[in-house]
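To start, I am sharing the structure in question, which I have written as structure tokens.
Read-outs: derived from the displayed coordinates by stated rules, not from any lab. Keep in mind that this is a model prediction, so the values were computed, not measured. Ideal geometry is used to build each Cβ from the backbone, glycine not excepted, and the neighbour counts take in all protein chains shown.
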Amino acid sequence: MEFNYLNDKDLMYYSRHILLPNIGIEGQQKLNSSEVTIFGLGGLGNLLSTYIASSGIKKINLVDFDIIEETNLQRQINFSSDDIGLLKIDAIEKFLKIKHPVII
């Protein structure tokens, strides 16, 4: 496995993970070079995408062909009323880029 180099920005952003004995720098490098696919961005996939991105996994494949409806807003917390009518994958991608700029 090839590790991604952690620059100063990454070291600061993931400093709490790195301090954990079970993760450390090597573990964070593994997370940063990992890839995950999420099928469905409903109640679970919506929230899971945020946790995956915040862990440092930078390659996230999103699969969902649905659009955001008003009935989604109560349980799919990464969407807002401004997102109604958009594809879920487009809204989540935008949200994650704003919330976790180091994953870009």
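List the helices (runs of 4 or more DSSP H) inside segment 1-49, counting only whole elements, that have at least 2 residues being touching a residue at least 24 places away in the same chain (Cβ under 8 Å).
Fully inside segment 1-49 and qualifying: 8-13, 24-32.
With the requirement that a residue be touching a strand residue (DSSP E or B) at 6+ places or on another chain (Cβ under 9 Å), acidic (Asp, Glu), loosely packed, with under 15 Cβ neighbours inside 10 Å and farther than 23 Å from ASN7 by Cβ, what does segment 20-74 give you?
Residue satisfying the conditions is ASP66 alone.
If only one of ILE84, ILE77 is more than 16 Å from the chain's Cα centre (by Cα), more than 30 Å from ASN7 (Cα to Cα) and either exposed (fewer than 14 other Cβ atoms within 10 Å of the Cβ) or in contact (Cβ under 8 Å) with a residue 12 or more places away in the chain (or both), which one is it?
Of ILE84, ILE77, the one residue that is more than 16 Å from the chain's Cα centre (by Cα), more than 30 Å from ASN7 (Cα to Cα) and either exposed (fewer than 14 other Cβ atoms within 10 Å of the Cβ) or in contact (Cβ under 8 Å) with a residue 12 or more places away in the chain (or both) is ILE84.
Can you tell me which residue in segment 1-43 is nearest to ASP83 (Cα to Cα), limited to those that are within 13 Å of the chain's Cα centre (by Cα) and of a type in the set (A, V, I, L, M)?
Here the residue is LEU41.
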